[in-house]
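J.: Have a look at the structure that comes next, please.
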Amino acid sequence: MRSMLAGFTTRGRAFVAAGAAAGVLGLGLGQRTLLSIGGVLIILPVLSVLAASRTRYRITWARAITPARVPAGHTASVSIQLDNVSRLPTGLLLAEDTVPYSIGSRPRFILDRIEPGGSRRLSYPIQPDHRGKFVIGPLHVRVADAFGLAKVGSTAAPPVTLVVTPAVTALPHTSLAGSWLGEGDARASTAAAAGEDDVVPRSYRDGDELRRVHWRSTARYGELMVRREEQRWRNRAVLFLDTRLGAHGGRGPASSFEYAVSAAASIGVHLAREEMDTEFVTDMGKAVAPGSFEDVLLDTLAVIRPSRNATLSSGLAQLPGDTSGLFIVVAGHLTAGQARELATARRASGPAMALLLAVSTWTADRPGLAASGETDEAARVLTAAGWRVATVTADMPLSVAWDVLNRAHLARGGPATARAAAGPDSGARAPAGAVAGAAAGAAGPAVETGGPAAGATPPTGAGANR
């Protein structure tokens, strides 16, 4: 009886209720006509349920989500194909897919009938606004009668998981050129400072590409010399993300934590597409999973949550022993002591850079208004250790902060603000002091050619640091 009642539609239940009322009135008033009408109103939905439940058909299904991993704010397409593999046509079908309410309403479809051997394709878009892993499905298919009084359902198309990653900002290819990774002579000089032996040129061999000819060594030795193929440090990078709850401010998607997660995703994807061998580490430890670095990074960041750690020690202890190459840190609020701990963890030579979030701007009434000197001490410590440091405010796009950080070596003649480095048409205005001032006399672990001559005065003020 309960299963039959569950098979009634709203219209079917209304028919049953009206039939019962008509029957009671007919009995009370002695009106046989009303009693007959009541009986018909009750019997019709019951017969509809019995007819729908006896429908013999078999449906197979296939579900696909394209793409299976999508950045927050982007659209994915869900498609479901239903095939009738029975010898009989189906009746009227009602299909409803299960979608989390946080990313959209449940789509519903009405299929008139599916002929024997026929198929129907259902599709709909979804646009999740926040990162995470969401279960899409299952699909519920119900057989309905022609009067809409009954529906008997079954479950089809089992659920699949949609991975929604943080928003990924495309970073320019030039951001890792020249003084960062080293190109030409700069690359050789920097690698030499890092202690790599493979930068020593060798004699030309048949099949070597002309672009690898090292002309300075050729002139010195009197024979054609080429650079060695291996630049091991050049292909390495470590990306470190500060996830400490106490180091971030703001709430929800507009918090500094979500900005940091998006920044880590953007930088990590950029490094992966630059074909760098990258490791991802947080204050909780190293992210280890099968698959490519980009896949592991995005899957990890899709579900990452703020940690309860008070310090960075746990994560810094798991940094690789040989940290030559790039070392990139996205950090929330750092004290001077934590900045020293971070600088000390850099146990090998190579470029190091940090994006320091001015967390107060995510909690202030005006996003660009930072507390005075909020990041000065941490920036001063890291700069003295040879790092390049940029302070990021809530109203600064990541592309602007990244551009400022990587244009720092161009600003040796004087101060450069974030707005100047981004260009007049960038559409984003960064406050003065958005990039920490340079430190004088810092002996950085990485050596660049083409830098200022010895004794030259470094830029001061709002310019980016080295």
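J.: Please give the helices (runs of 4 or more DSSP H) falling wholly within the range 371-441 in which 1 or more residues are crowded, with 21+ Cβ neighbours inside 10 Å and at pLDDT below 90.
T.: Passing ranges, in order: 398-406, 418-422.
J.: Answer with yes or no whether Ala95 is of a type in the set (A, V, I, L, M), crowded, with 16+ Cβ neighbours inside 10 Å and in the same structural domain as Pro128 (by TED's automatic domain parsing).
T.: yes
J.: State whether the residues of the range 324-332 include one that is in contact with a strand residue (DSSP E or B) (Cβ under 7 Å, 6 or more places away or on another chain), assigned to a loop (DSSP other than H, G, I, E, B) and modelled with pLDDT of 90 or more.
T.: Looking for residues that are in contact with a strand residue (DSSP E or B) (Cβ under 7 Å, 6 or more places away or on another chain), assigned to a loop (DSSP other than H, G, I, E, B) and modelled with pLDDT of 90 or more, one finds at least one in the range 324-332, hence yes.
J.: For residues that are of a type in the set (Gly, Ala, Ser), crowded, with 17+ Cβ neighbours inside 10 Å and modelled with pLDDT of 85 or more, tally how many sit in the range 8-51.
T.: So the count comes out to 5.
J.: Also, quick follow-up: Which one of these is modelled with pLDDT of 65 or more and out of contact with any strand residue (DSSP E or B) (no Cβ under 8 Å at 6 or more places or on another chain): His173, His214?
T.: Only one candidate passes the filter, namely His173.
J.: So, in the range 74-97, how many residues would count as being of a type in the set (Gly, Ala, Ser), under 25 Å from Ser262 (Cβ atoms) and without any contact (Cβ under 8 Å) to a residue 60 or more places away in the chain?
T.: Counting residues in the range 74-97 that are of a type in the set (Gly, Ala, Ser), under 25 Å from Ser262 (Cβ atoms) and without any contact (Cβ under 8 Å) to a residue 60 or more places away in the chain gives 1.
J.: Working only within the range 309-323, note down all residues that are outside any helix (DSSP H, G or I) and either among the hydroxyl-bearing types (Ser, Thr, Tyr) or more than 23 Å from Thr375 (Cβ to Cβ) (or both).
T.: Thr311, Ala317, Gln318, Pro320, Gly321, Asp322, Thr323
J.: Would you say Leu88 is among the aliphatic types (A, V, I, L, M) and either at pLDDT 85 or above or part of a loop (DSSP other than H, G, I, E, B) (or both)?
T.: When the stated conditions are applied, Leu88 passes them.
J.: Has the range 65-81 got any residue that is surrounded by 14 or more Cβ atoms within 10 Å (Cβ to Cβ), among the small types (Gly, Ala, Ser), within 26 Å of Pro166 (Cα to Cα) and touching a strand residue (DSSP E or B) at 6+ places or on another chain (Cβ under 7 Å)?
T.: yes
J.: Please find, among Pro100, Pro71, the residue that is touching a residue at least 60 places away in the same chain (Cβ under 8 Å) and more than 23 Å from Thr9 (Cβ to Cβ).
T.: The unique qualifying residue is Pro71.
J.: Quick one: what pairs do we get from the range 371-395, first residue under 19 Å from Glu258 (Cβ atoms), second part of a loop (DSSP other than H, G, I, E, B) and basic (Lys, Arg), C-beta under 8 Å, 6+ apart or different chains?
T.: Final answer for the pair search is Asp395/Arg429.
J.: Could you list all residues from the range 110-135 that are of a type in the set (S, T, N, Q), closer than 30 Å to Pro306 by Cα and free of Cβ contacts under 8 Å to residues at least 40 places away in the same chain?
T.: Scanning the range 110-135 gives no hits.
J.: Residues Ser102, Ser154: which one is at pLDDT below 90, out of contact with any strand residue (DSSP E or B) (no Cβ under 7 Å at 6 or more places or on another chain) and surrounded by fewer than 17 Cβ atoms within 10 Å (Cβ to Cβ)?
T.: Every option except Ser102 fails the conditions.
J.: Could you please find all residues in the range 246-255 being in contact with a helix residue (DSSP H, G or I) (Cβ under 8 Å, 6 or more places away or on another chain), in a helix (DSSP H, G or I) and surrounded by fewer than 24 Cβ atoms within 10 Å (Cβ to Cβ)?
T.: Selection gives Gly252, Ala254.
J.: Could you please find all residues in the range 283-308 being β-branched (Val, Ile, Thr), surrounded by 14 or more Cβ atoms within 10 Å (Cβ to Cβ) and assigned to a loop (DSSP other than H, G, I, E, B)?
T.: Ile304
The values are calculated or read from the model by the stated rules, or taken from the named source; none is laboratory data. Computed from a prediction, not measured in an experiment: that's the story for all the values here. For neighbour counting, all protein chains shown are included, and Cβ atoms are generated from backbone atoms with ideal geometry for every residue, glycine included.
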